[in-house]
1. Going through the range B:185-218 one residue at a time, which ones are closer than 15 Å to residue B:87 by Cα and not in a helix (DSSP H, G or I)?
2. Would you say residue B:37 is within 27 Å of residue B:216 (Cα to Cα) and more than 14 Å from chain A (Cβ to nearest Cβ)?
3. Quick check: anything in the range B:140-149 modelled with pLDDT of 95 or more, within 10 Å of the chain's Cα centre (by Cα), in a helix (DSSP H, G or I) and more than 10 Å from chain A (Cβ to nearest Cβ)?
4. If you go through the range A:1-27 one residue at a time, how many are within 14 Å of DNA strand C (Cβ to nearest atom) and either at pLDDT below 95 or within 12 Å of another protein chain (Cβ to nearest Cβ) (or both)?
5. Given A:98, A:19, A:76, which one is more than 13 Å from residue A:162 (Cβ to Cβ) and away from DNA strand D (no atom under 16 Å from the Cβ)?
6. Consider residue A:30 against the criteria (1) away from chain B (no Cβ under 14 Å); (2) assigned to a helix (DSSP H, G or I); (3) surrounded by 20 or more Cβ atoms within 10 Å (Cβ to Cβ): it satisfies all of them except one. Which criterion is unmet?
7. For the list (1) more than 14 Å from DNA strand C (Cβ to nearest atom); (2) surrounded by 15 or more Cβ atoms within 10 Å (Cβ to Cβ), I need the number of the one condition that residue A:73 fails.
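The values are calculated or read from the model by the stated rules, or taken from the named source; none is laboratory data. What you see is a predicted model; the values in this text were computed from it and never measured. For neighbour counting, all protein chains shown are included, and Cβ atoms are generated from backbone atoms with ideal geometry for every residue, glycine included.
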DNA sequence: AGGGCGGGGCTTGTATACGATTAGCGGTCA
DNA sequence: TGACCGCTAATCGTATACAAGCCCCGCCCT
């Protein structure tokens, strides 16, 4: 009786395993370079090796895991250079997402974005800090969904989780600053101003990059910023 | 003696199966919406179901396959809208790739691009038409590699194959026109002109979009073009 | 003492087996 | 005649089994 309708909504073990391993990587519970031994992961999660293997392949395609045939899988290593490279990609992708969101916005879409911001505000006020990172990702993802480009969304989902990974690794918390920028982006989208929406999204990611660079203590790229 | 060095260069069945299924999808041998039955694919390729399953998950993450739990996997359907959406993503991503390639170019990198163009020219002259599509993809991918952004490359690889899929489905051949644009892009990159490289890459994708729209016989989007 | 060599354990790659669920079909009853 | 019900075949989800390769350690030889 629990699942009387569409059977397609069933969550398979593989899906849960994938989400769980990814969560552990993004949160840092699984350290960079750490070996992912199929047997142990399977035992740890109480499943057999098969779902674990399928998960590892997907996570490898997403860039969270590195697989070397006959040697094994490890959590990917994220050098400072690679982390910074991500911001370039984000500016391009999220700029496009914001532009399309402004173009294709609907009242429901704008409302949806506001609701995520509202939830985030509550979470901040109640001190649910670890939830804030997830809500941050949710907001960016919601922008992508409002943009209504399915392939863009397919790419954005792992990209944003990777971004979250970068921040969890560097322990760089951007604080309330970030949410003001979100709000500003939300307004531009709701107003349907494509140029402004893109500009604000790009500026937002650029600010995140500066925050990241400060956190890792190297200002080599923009010494006169 | 064939494999005396690094074992990591070993190609597993799963890799070959993934490449083969992807190739059949991109080439159209596997039609959109066609069911991918694990048993049959396994028998067809002479392997067991396990490598096939892992392949299907990866292809789903790349957007070539749609998986519904307990129902099965099918080749993804590519509506005209989704196909066109891809061009937006490509303009953003390939524009960035071209810009970064111009910024980080090296003599070897520029030479590499020229070599791909040379090979393509030969292929065109010798009438190896089905190879031309692959070389087209190779060129775009090479631009990404010269850009030297690992995550960008991770995203570009399936994206470009998806683009190739779109063209193989619409039977839109762009012909020598495209290669002039490649050459022009290559020069801008070699010259290190970031703005020009990005502009030419974007223009190239925009031209491909027009070609696509013409091929599917709907000019609704840009009626006055 | 140092370097090659072989064996054992661990881990991955692949195959097979079994249970669970779905879709499709035919029969039955109103 | 049409709709509902149960059955069967097909297929997926998961677990288990076995084979093959890799790493590491100790031994032996020089």
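1. Residue satisfying the conditions is B:216 alone.
2. Spelling it out, it is not the case that residue B:37 is within 27 Å of residue B:216 (Cα to Cα) and more than 14 Å from chain A (Cβ to nearest Cβ).
3. Yes, the range B:140-149 contains a residue that is modelled with pLDDT of 95 or more, within 10 Å of the chain's Cα centre (by Cα), in a helix (DSSP H, G or I) and more than 10 Å from chain A (Cβ to nearest Cβ).
4. 14
5. Values: A:19 fails: away from DNA strand D (no atom under 16 Å from the Cβ); A:76 fails: more than 13 Å from residue A:162 (Cβ to Cβ).
After ruling out the rest, the residue left standing is A:98.
6. It is condition (2) that residue A:30 fails.
7. (1)
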